[in-house]
Structure formats: structure tokens, C-alpha cells
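Derivation of every value follows stated rules applied to the coordinates shown; laboratory data play no part. Predicted model only: the values in this text are computed from it and were never measured. Cβ coordinates were reconstructed from backbone atoms using ideal geometry, including for glycine residues, and neighbour counts include every protein chain displayed.
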Amino acid sequence: MRTTVKQFMSGDPVSIGSGASALDAYELMLRHGIRHLPVVTPDARVIGVVTADDLAAALALPLRPQRALATAERRAALEWSVSQLMTHAPQTLCRDATLADAAERMAEGRFGCLPIVDESGRLEGLLSETDLLHAFANLRAPWTRLGVRIHRGDLALGERAGERIGPAMRRDVRAHGSPPSSSFAAFVAGGSSPAITL
């Protein structure tokens, strides 16, 4: 079963316009307890992303917005606009993309988040590193409770369905490699590559 981004993304995320100040961005992050803001046009098309790291690098602000800024910090933040600090034309995904696609893209690009957009590029959601961690925590189950399906000789993990796994099959699966505790894996008899659909 495909696990898609829409199942774990944050819907209706807080966003900001490119003409807003860095102070506006910081205060939005502080108010909502977030670290990433999609930057959108008036019709909600995504044109950038500004992060707490961007603010910290440019203005020597806290890496995590956890306190109100001092007067001097507020003045400095007012001198910068979001458009000067944001990542322009960020990578995005559609809500029907797989969680595996999102994780791969975020890992390769070292992105802290991915805006989720519709066919017109309008913001629908946001998938952050935290969302990914929650997703994998929810999808992970004890090895003995993971269902197994065999298709054309390939042994693959399925849904949580421990009652479908007999002791003999469980022993056979373990004989070909015990799953790592921190990730999903499926093993194909005969030493083929791991395979799983997320």
C-alpha cells in the first residue's frame, strides 16, 4: 500500500508574503512554534521558503524562535525583507507523492521541509522533518507484527497484520536477515536488494 505525503503533511500551514519583514517572519515562527514558512504570492502560489536558520544566519537571531526579541534585534530584523532571506523557487511536491519520494528528496537536498502544492503551484500543505519522523514512527511496528506478502518470489513487508504470519514463515524471514531497529526493510530470499513501498 502506498503511503502518501497527504497522510502526514501539515495542512493549511502558516505562510508569509515576500514583502514582509524578517521580524514578521520571526514573530510568526515564535507564535506558532514552527521553524519553516512557505513564502507565497497573494493567490497562494509558493515562491520561496524562509527558515529560522535563514534568520539566524543573517541577523544573529536564535536558531529556534523561543523568546521575544530585544529592541536592537527587532530594529535589525525590520531592515530585512523575507525576499532577501528566503530560498527562491524551492522544490515542492504534490500531495499524492509517496512518503519515500519526499524523504529521498529531503535527504538529497538537505531540506528541512517541502511545500506541498496543487497542480497550479498553490500551497496545500507542508511536510517537515518532524512530520517525516512522526510518519516513520507511526508506520514502524514490531517485527513480529508486520505482515508479509510474497509476489513473484519477492518477500516484502505489508501492513500490520501479525496474525497472518505463521511461526515457520517468521523464522524463514529472520533467517534472511533481521530487520534494522531504526528502519524498514524487506528481504528477498537469495540475497536480492531490500524492497518496500512507502
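Quick notes
- Between residue 66 and residue 95, the modelled labels are 3.4 nm apart [label points 7 Å from Cα along Cα→Cβ].
- Computed 3J(HN,Hα) for segment 76-90, one whole-Hz value per residue from the Karplus formula 6.51 cos²θ - 1.76 cosθ + 1.60 where θ = phi - 60°, is 4, 5, 6, 7, 10, 9, 4, 4, 7, 10, 6, 7, 7, 6, x, glycine and proline marked x.
- Sorted by Cβ density within 10 Å, fewest first, the residues 63, 28, 99, 37: 63, 28, 99, 37
- 3J(HN,Hα) along segment 126-133, derived from phi through the Karplus expression 6.51 cos²θ - 1.76 cosθ + 1.60 where θ = phi - 60°, amounts to 9, 10, 9, 4, 5, 4, 4, 4 Hz, with x in place of Gly and Pro.
- Charge tally for residue 64 (other residues, Cβ to Cβ under 15 Å; Lys, Arg +1; Asp, Glu -1): -2.
- Among the trypsin sites (Lys or Arg not before Pro) in segment 35-96, those placed in a DSSP loop whose Cβ has at most 12 other Cβ atoms within 10 Å are 67.
- Around the amide H of residue 81, modelled in the peptide plane, lie the amide H atoms of 22, all under 5 Å away and 5 or more residues distant in sequence or on another chain.
- Cα gyration tensor, segment 5-137 - rounded (a/c under 1.5), prolate or oblate: prolate
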